[in-house]
Every structure is written in C-alpha cells, then in structure tokens.
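Single-structure report; data block below.
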Amino acid sequence: MVCVGEALWDFYAPEGIPLEQAKLLRRVPGGGAVNTAMALVRLGVPSGLCAALGDDAMGRGLRDEVAAAGIDVGRLALGAARTGLMLVAIERGEARFVGYRQGELEARALAAALPARWQARVVHFTGIAPVRGAIGALVRAAAAARREGCAVAVDINARPRMWPRVGRSALPGGAGARSGTTPGAGARAGITPGAGARAGATPGAGVRGCFRLFGQADLVKCSTGDLEVLGTTAPALRKHLRTEATLVVTDGARETLVLGPGGERAVAPRPVRPLDPTGAGDAFCAGMLATLVWQGRDRWTDAALMLRAVARGHDVARAWVRRKRG
C-alpha cells in the first residue's frame, strides 16, 4: 500500500525539559504519512511513501532513514520546498509542538509528486493541507486510484493552524459547527502557520476541495478535534461520503464511533497511560489498514470486518504511545 502526504522531522527535547530550555534535540522521522507507513511495515505490511521533501540535507537524510526502515521511497520527490520541522516536548505524557512549515509550498510540491499510476491495493491520504489547486490534484489522484481498483482511505488530520477554522458558509451543504467539542489527540497546539495560512486568505475553496477528497474514500478517519476545525459533526460529515464508505471518529481515550453502511457502532479502547502520544492517530490508522489491506475493496462495507479493524487500531495505537520516540 502507499501512504500519501506529510513527511517531516520531529525534533524531540529531552524528556521533561521544556522547549525554551532544551539545548539538545534528537531528530526522529515524523509526519502523518511517515508514521503510518512505519507502523505498517512493523505490522508486516509492505508500504510505500508518496511525499515531497526539500532537496537539501534534511530532505535527503529523511529519505534515506525512511528507506532504511523498509519503506519504498520510489514515489518520494525532492523539490524546492524546505523539509518540514516539528519541535516536540513531552511533559507528563502530554506533547507540546512548535512547527516550522511551508504549508502552501509543501502542498503544491506534494501535488506535483503524485504518480500517474499507483499499482497498490490501498492508497492512504494523511497530513494534507487545504490549499486550493493542490487539493484538486489529490482529488484527481484519489479518483484515479479508485479506477485502478485501489481502496482509498483518508485520515483528515486537520492541523488547527494550517487548516483555518471555517464557518457554515465555507462547507459543502452549509454544515454547521458543533458546540462544546473538545479537541482530540489529532489537534497539535502551537503549530506555526507558515505560508499555508496567510492572513486574509480565503480557506473556503481549499476546504471544499478536501470534502471532495473525502467523497472519494472508502474509509475516512477523523478525531473530534478534526470535526471542530472543520466546523461540522460526525453525522453531517458522514452525509458527504460515499454510501458504502465508513467514517471512524476517535475521541482520545473515549469510545470510537464507527458510522458505516450498517449503521452506527461504538468501540471502546483499553485504558493506557501514554509516554508519548505523538503519532497515536497515525498508529491507529495503521492498525486498521493492516486488517483491511488484504481484503478486497468490496469487503470494506462489512460491519464486522470494520469493527475488527478499529479494535486492532486501538491495540496498535496503545502500543505506540507506550514507547518513547524522542
């Protein structure tokens, strides 16, 4: 399978040391697409990465380290945008992030890196940015993947600063905001906006394009934090998906909602005390996809199969957060 989207370096401060005081940082491959691909390879699923990195020491180093982990980097492009960096501090099991990103340039470089053919069983999109034009290329790539017979999955992963919060008028069908939603584990506080969130920019077209991407998917995963950034609810988002698609909504340690052709179900994760929550949502996706990848796309409508996939996602995410990455 192929993971498409975000690839960057996570720079960790020593445990318990705030970023303001850290004098030594340890770099670890990160970003939604990289985390998911790495978790899949550990689960025995051959995986490739489609992403854009800077043609610089950071980009080449990330490419080489990802390849050394057993991930196919044949669809990875080195271009003009700088390789993204994320500074991370873990304090009492909570993660604090400060990002150095070029959101719009990264999105356009990814769009340019998309292949003409996928030659994969599953194509998984994650860590994308709502940049007008670039999103259109992703929608066309997802449609092409479906024509090839690939299953398509999307992890919304709406970064709060790179995805400007939008109102009712910006969303397809005028989906309204849900009040009182608490951001889930997918919401990264402290991300600097970069070029992708310019003051005065109009995010509506890009966000509408993202909904078109969701509409191509057989599986869409989001967190309650993603719903808040999108200004919508799980039932409203489900209406924008294919009739046979499944929407999976995580809420940290609370129950995960599964809204599919067979109706709505809830799956509770086992409790865990995290050492490092970074990438937990990506690991959850990897667990689900590791169960689904060997099944034909038509089997993804099976409610029992999807519930097993969600349960495995919980198990993989639980193991992921109990280890230290930095």
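Details
- Count of residues meeting criterion [farther than 14 Å from Ala153 by Cα and assigned to a loop (DSSP other than H, G, I, E, B)] in region 245-293: 19
- Against the conditions (1) within 21 Å of the chain's Cα centre (by Cα); (2) over 22 Å from Gly149 (Cα atoms); (3) open to solvent by 50 Å² or more (accessible area, probe 1.4 Å); (4) not hydroxyl-bearing (Ser, Thr, Tyr), Gly74 satisfies every one except (2).
- Ala89 vs. criteria in contact (Cβ under 8 Å) with a residue 24 or more places away in the chain and either touching a Gly at 6+ places or on another chain (Cβ under 9 Å) or surrounded by fewer than 18 Cβ atoms within 10 Å (Cβ to Cβ) (or both): yes
- Taking the criterion of being touching a residue at least 40 places away in the same chain (Cβ under 8 Å) and surrounded by 13 or more Cβ atoms within 10 Å (Cβ to Cβ), the residues of region 253-267 that qualify are Thr256, Val258, Gly260, Pro261, Gly262, Arg265, Val267.
- Residue count for region 300-326 under the criterion of being more than 30 Å from Glu15 (Cα to Cα) and open to solvent by less than 10 Å² (accessible area, probe 1.4 Å): the result is 5.
- Enumerated strands (runs of 3 or more DSSP E) restricted to region 86-173, each holding at least 1 residues that are closer than 20 Å to Val34 by Cα and modelled with pLDDT under 95: 94-100
- Residue within region 43-64 that is in contact with a Ser or Thr (Cβ under 7 Å, 6 or more places away or on another chain), among the charged types (D, E, K, R) and outside any strand (DSSP E or B) present: yes
- In region 7-30 there is no residue that is touching a strand residue (DSSP E or B) at 6+ places or on another chain (Cβ under 9 Å) and assigned to a helix (DSSP H, G or I).
- Taken over region 68-79, residues that are modelled with pLDDT of 90 or more and closer than 23 Å to Arg132 by Cα amount to 4.
- Filtering Ala77, Ala89 for residues that are within 30 Å of Trp294 (Cβ to Cβ) and in contact with a strand residue (DSSP E or B) (Cβ under 7 Å, 6 or more places away or on another chain) leaves a single hit, Ala77.
- Members of region 268-293 that are open to solvent by less than 30 Å² (accessible area, probe 1.4 Å), touching a strand residue (DSSP E or B) at 6+ places or on another chain (Cβ under 8 Å) and among the hydrophobic types (A, V, I, L, M, F, W, C): Phe284, Cys285, Met288, Leu289, Leu292, Val293
- Check on Arg82, within 24 Å of Ala137 (Cβ to Cβ), at pLDDT below 95, of a type in the set (D, E, K, R) and crowded, with 16+ Cβ neighbours inside 10 Å: yes
- Only a single item in (1) under 22 Å from Ala120 (Cα atoms); (2) without any contact (Cβ under 8 Å) to a residue 60 or more places away in the chain; (3) surrounded by fewer than 23 Cβ atoms within 10 Å (Cβ to Cβ); (4) not hydroxyl-bearing (Ser, Thr, Tyr) is not met by Arg297, and it is number (2).
- For Thr278, the stated conditions do not hold, so it cannot be described as more than 28 Å from Gly44 (Cβ to Cβ) and modelled with pLDDT under 95.
The values are calculated or read from the model by the stated rules, or taken from the named source; none is laboratory data. All values derive from a computational prediction rather than experimental measurement. Note that each Cβ is placed from the backbone with ideal geometry, even for glycine, and that neighbours are counted across all protein chains shown. What goes into the accessible areas is simple: the full protein's heavy atoms, side chains included, and nothing from ligands, DNA or RNA. Shrake-Rupley method; radii C 1.70, N 1.55, O 1.52, S 1.80 Å.
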